[in-house]
1. Looking only at segment 98-153, which residues are without any contact (Cβ under 8 Å) to a residue 40 or more places away in the chain, among the aliphatic types (A, V, I, L, M) and under 23 Å from residue 29 (Cα atoms)?
2. Can you find a residue that is at pLDDT 95 or above and either surrounded by fewer than 23 Cβ atoms within 10 Å (Cβ to Cβ) or of a type in the set (Asp, Glu) (or both) anywhere in segment 235-243?
3. Given the condition within 16 Å of the ligand (Cβ to nearest atom) and on the phi < 0 side of the Ramachandran plot, answer yes or no: does some residue in segment 89-103 qualify?
4. Might you let me know whether segment 35-49 holds any residue that is within 16 Å of the ligand (Cβ to nearest atom), among the hydroxyl-bearing types (Ser, Thr, Tyr), within 23 Å of residue 207 (Cβ to Cβ) and not in a helix (DSSP H, G or I)?
5. Among the residues in segment 245-258, are any more than 19 Å from the chain's Cα centre (by Cα) and aliphatic (A, V, I, L, M)?
6. Could you go through segment 150-160 and let me know if any residue there is in a strand (DSSP E or B), out of contact with any Gly (no Cβ under 7 Å at 6 or more places or on another chain) and either away from the ligand (no atom under 16 Å from the Cβ) or among the polar types (S, T, N, Q) (or both).
7. Do we find that residue 171 is in contact (Cβ under 8 Å) with a residue 40 or more places away in the chain, surrounded by fewer than 19 Cβ atoms within 10 Å (Cβ to Cβ) and in contact with a strand residue (DSSP E or B) (Cβ under 8 Å, 6 or more places away or on another chain) in this structure?
8. Which residue, of 6, 2, is crowded, with 21+ Cβ neighbours inside 10 Å, closer than 28 Å to residue 270 by Cβ and basic (Lys, Arg)?
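The values are calculated or read from the model by the stated rules, or taken from the named source; none is laboratory data. Because the structure is a prediction, the values reported are computed rather than measured. So basically every Cβ, Gly included, is an ideal-geometry build from the backbone, and we count neighbours across all protein chains shown.
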Amino acid sequence: MKKVVKFGGSSLADAAQFRKVGDIIRADETRVYVVPSAPGKRFDGDVKVTDLLYRCHDLAAGGRDFSEPFAAVKERYADIVRELELSPDFMKSLEDEFQTIEEHLKQGPERDYTASRGEYLNGRILAGYLGFPFLDAAEGIFFDTAGTFDAERTNAVLSARLEEMPRAVIPGFYGSGPDGRVRTFSRGGSDVTGSIVASACHASVYENWTDVPGLLMADPHIVKDPPVIRSITYRELRELAYMGASVLHEDAVFPVKKAGIPINIRDTNQPGDPGTWIVENTARRPPFTITGITGKKDFCSIMIAKDLMHSELDFYRKVVQCFEEDGVPLEHLPSGIDTMTVVVPESKFVEREQHVLRRIARSVGPESVEVEAGLALIAVVGRGMRAQSGTAAKIFSALAEARINVRMIDQGASELNVIVGVLNEDFERAISAIYHAFVGL
Ligand code: ASP
């Protein structure tokens, strides 16, 4: 049995956090591959090392003095190394690393390389502290010429490398391209590295250690003390994440999902807590009919009316095309008998608005078109809804009791989620009303 453990930036923000991480790894000898992020914030208002490195890059690229943020980066690592009482030789080798980075910054810096040093240095320190070998991610994680993750090459090379290394620290966030140059994932990408490593070594579980007790049923800014979701399927997570709940990088799910490896979200500050399990399937019944509730504001609905639109076979296609040609993504398409509504993100629509409306007028000759902005979408998600009658009734009576007008309803055929459209100003009240109807007060 092998576990891959990824630690986020706040779990490795200072020496005290490093010690917690060390205890967690030493407590279970199956935790053999460790993927660190760069040091994150130690307190509110603190700056993440990755942000300092981006600042160094931007200043250096503009030919300006980068010594201030660079000194701040050095200090962060020096503090950690000193407090962890690593050997003077180690400190010396770290100074050589800083020298190399400084030279690089002075000679036409590369953005990805510079940013990746946050994880690289943290990985070296963590490996030194744990007594684990270090594997540079540039030697095991690959991107293609277009900058997209190259799963095939990575799996082949990384699996072979890990086979020779019973334990290793592999820094998160970066790899290398076909030209050998460092490339990074998008922000938060160490989650993706952890997932890739888990898949390459056929781990039994991918533990993702962070600073929250797990995925919460609802936003704690809206409802008080929402419970942690103990188990959730990949598909439920997708629905919740798409509509705004965030706990993992979006792309982190795919490598492990494909390999059938569950993810366990854990809290470095409460290592005894079970956290959240993200699994393909489970016989575990959720404690409530719904698994979670989330949503987003600022959508627009465009209602197109035309008598007998159903007799025009290409009506829907033509309307969809009008949005497609202007690059406006569609969220939902609720329809009536002689009306069709298109729900789109307001930010993507407003600029192209007159263009799209003109296209619609020309393309399908509607009797009327009504545009309404300021719409919020709420996603009520749960595998338990399939087996339960009366779920929709419960949602809508909760909203009715709170005197909230429902502007749109959409239930996917999977019965995994119900989407409800309300006005932006009713968003928080609506989430709270639905949450309390299922979870209680
Ligand atoms: N350090 C990188 C960031 O701040 C990547 C990560 O933490 O996952 O985005």
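1. Answer for segment 98-153, where residues must be without any contact (Cβ under 8 Å) to a residue 40 or more places away in the chain, among the aliphatic types (A, V, I, L, M) and under 23 Å from residue 29 (Cα atoms): just 135.
2. Scanning segment 235-243 turns up no residue that is at pLDDT 95 or above and either surrounded by fewer than 23 Cβ atoms within 10 Å (Cβ to Cβ) or of a type in the set (Asp, Glu) (or both).
3. yes
4. yes
5. no
6. Within segment 150-160 (the criterion being in a strand (DSSP E or B), out of contact with any Gly (no Cβ under 7 Å at 6 or more places or on another chain) and either away from the ligand (no atom under 16 Å from the Cβ) or among the polar types (S, T, N, Q) (or both)), the answer is no, since none of the residues qualifies.
7. No, not satisfied.
8. Criteria check complete, one pass: 6.
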